[in-house]
Amino acid sequence: MNFKDIINRAISTRESFEKFEEKIYGKKWDVNQLMLGLSVDVGDLIRLVQEKKGTRPKNTDNLDDKIAHELCDILWVVLVLANELDVDLTHEFPKNMIDLQAIIENKINDN
């Protein structure tokens, strides 16, 4: 599956999820609610990574599976937010990585 296919899968899953939200909550989540959901997912990931790295007691079964799940949830929300905010990640992400690499190389060469 290529990046564009992943984005399309995220968007189609979001469309299904919107139907669920409308049925349960009477409306779909807006961008602000998606951001709050993202912050919860990031918090969950932080706790799981701390467990994996020993800074929190291990209380979670299938820790690696749950870390993978949270990373996928976070990626999904990021892809959905990009769509909602009209950001073309297939264009912007590679460009951003090129810019970041240039910054890193400049910092290395300056020292």
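Just so you know, all these numbers are worked out from the coordinates, no wet-lab data involved. Here the structure is a predicted model, which means the values were calculated and not measured. Here the Cβ positions follow ideal geometry from the backbone for every residue, glycine too, while neighbour counts run over all protein chains shown.
Taking each residue as 0.36 nm, the span from D5 to V31 lengthens on full extension beyond its C-alpha to C-alpha distance by 7.1 nm.
The radius of gyration of the Cα set in region 1-71, together with its Dmax, comes out at 15.4, 42 angstrom. Residues whose amide H lies under 5 Å from that of R56, counting only those 5 or more places away or on a different chain, are E51; hydrogens are built 1.01 Å from N in the peptide plane. For K107, the lysines whose Cα falls under 27 Å of its own Cα, not counting residues fewer than eight places away in the same chain, are K95. Given q = 0.17, 0.21, 0.27, 0.30 Å⁻¹, what are the Debye log10 I(q)/I(0) values for region 49-111, with equal point scatterers placed on the Cα positions and solvent ignored? Computed log10 I(q)/I(0) values: -0.82, -0.85, -1.02, -1.15.
Spacing of the modelled spin labels on D99 and K19, each 7 Å from Cα toward Cβ, amounts to 3.8 nm. Entry note, the chain: the mean residue ellipticity at 222 nm calculated from DSSP H runs of n ≥ 4, each adding -39500 (n - 2.57), is -28500 deg cm²/dmol after division by the residues and rounding to the nearest 500. Give the lysines whose C-alpha is closer than 21 Å to that of K52, dropping any in the same chain fewer than 8 places away, or say none. Straight-line reach from K52, under 21 Å: K66.
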